[in-house]
Amino acid sequence: MTRGRRISYFLIVDDNPLIQRALTATLQRYGVCHGAASCEEALLKLEKGPWDGFIFDVQLEDGSGIDVLATARRTWADTPAIILTGTMERDTINRAASLNARFVCKPCGSAELAPFVSDVLTRTTGDRFYAATELARHRYQLSPREAEILDATLRGKPRDEYIEASGISVNTYKSHVRKILDKSDYENLASLAIDLLGQH
């Protein structure tokens, strides 16, 4: 979940149970996921909010997920949202943009969901450092220790203080930093931190 912070609530609307399970597996670390397989079911679940994040598949058996998002926007105008589809149609992309939603093409993984997760965490936790760390963790596939080192860097914690508190050696720390920089293609942690915080 969110390290003792307020739990986030996600509504995932997709008629493919495998996609619903995959999205839930990614998002349940950050909160509670509720699924719906149809527009009708999604509209009923919308009434049971509050919602912190939406993921809507475009083509559902009984209509369009975009239409459900349009209805959701009447109550949750600024809630982060994703429109998920298997096709790159200009009208769908434009409609998603008009509803203040990210457009993500299937198949998608945690890297494509990272900006959405970061938006939700920034709103629900108020902790931009945590949100930036999670964005990087997904985007660059960081290990838990690498994410912890990056989080400490974002918060301005001195290297020696982190090493002492974590009990790792200086060489182990340097090895993790090299891995972070190799994965993110940055020259140093300070530049990565500045760019990540600039996105929040």
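The values are calculated or read from the model by the stated rules, or taken from the named source; none is laboratory data. None of these values were measured; they are calculated from a predicted model. With ideal geometry, Cβ positions are generated from the backbone for all residues, glycine too; neighbour counts draw on all protein chains shown.
For the range 3-52, enumerate the residues that are in contact with a Cys (Cβ under 6 Å, 6 or more places away or on another chain) and surrounded by fewer than 20 Cβ atoms within 10 Å (Cβ to Cβ).
Across the range 3-52, the qualifying residue is only Thr24.
Identify the single condition in (1) under 23 Å from Thr24 (Cα atoms); (2) assigned to a helix (DSSP H, G or I) that Leu197 does not satisfy, given that it satisfies every other one.
(1)
Hey, does the range 170-185 have a residue that's more than 19 Å from the chain's Cα centre (by Cα), loosely packed, with under 12 Cβ neighbours inside 10 Å and within 26 Å of Thr122 (Cβ to Cβ)?
yes
Select from the range 150-169 the residues that are under 28 Å from the mean Cα position of the chain (by Cα) and of a type in the set (D, E, K, R) and list them in ascending order.
Asp151, Arg155, Lys157, Arg159
What are the residues in the range 53-110 that are surrounded by fewer than 15 Cβ atoms within 10 Å (Cβ to Cβ), among the charged types (D, E, K, R) and within 19 Å of Pro17 (Cβ to Cβ), if any?
Glu61, Asp62, Lys106 - these are the residues of the range 53-110 that are surrounded by fewer than 15 Cβ atoms within 10 Å (Cβ to Cβ), among the charged types (D, E, K, R) and within 19 Å of Pro17 (Cβ to Cβ).
Could you please give the count of residues in the range 98-114 that are without any contact (Cβ under 8 Å) to a residue 40 or more places away in the chain, within 15 Å of Asp78 (Cβ to Cβ) and touching a Leu at 6+ places or on another chain (Cβ under 7 Å)?
The number of residues fulfilling the criteria is 1.
May I ask you to list pairs of residues, at least six apart or on different chains, whose Cβ atoms are under 9 Å apart, with the first in the range 67-88 being closer than 11 Å to Ala101 by Cβ and the second being part of a loop (DSSP other than H, G, I, E, B) and of a type in the set (Gly, Ala, Ser)?
Correct list of pairs: Leu69/Ala101; Ala72/Gly49; Arg73/Ala101; Thr79/Gly49; Pro80/Ala101; Ala81/Ala101; Ile82/Ala101; Ile83/Ala101.
Which ranges mark the helices (runs of 4 or more DSSP H) fully within the range 130-193 that have 1 or more residues being in contact (Cβ under 8 Å) with a residue 24 or more places away in the chain?
By residue number, 144-154, 170-184.
Could you list all residues from the range 10-23 that are modelled with pLDDT of 95 or more and under 18 Å from Thr124 (Cβ atoms)?
Phe10, Leu11, Ile12, listed by residue number.
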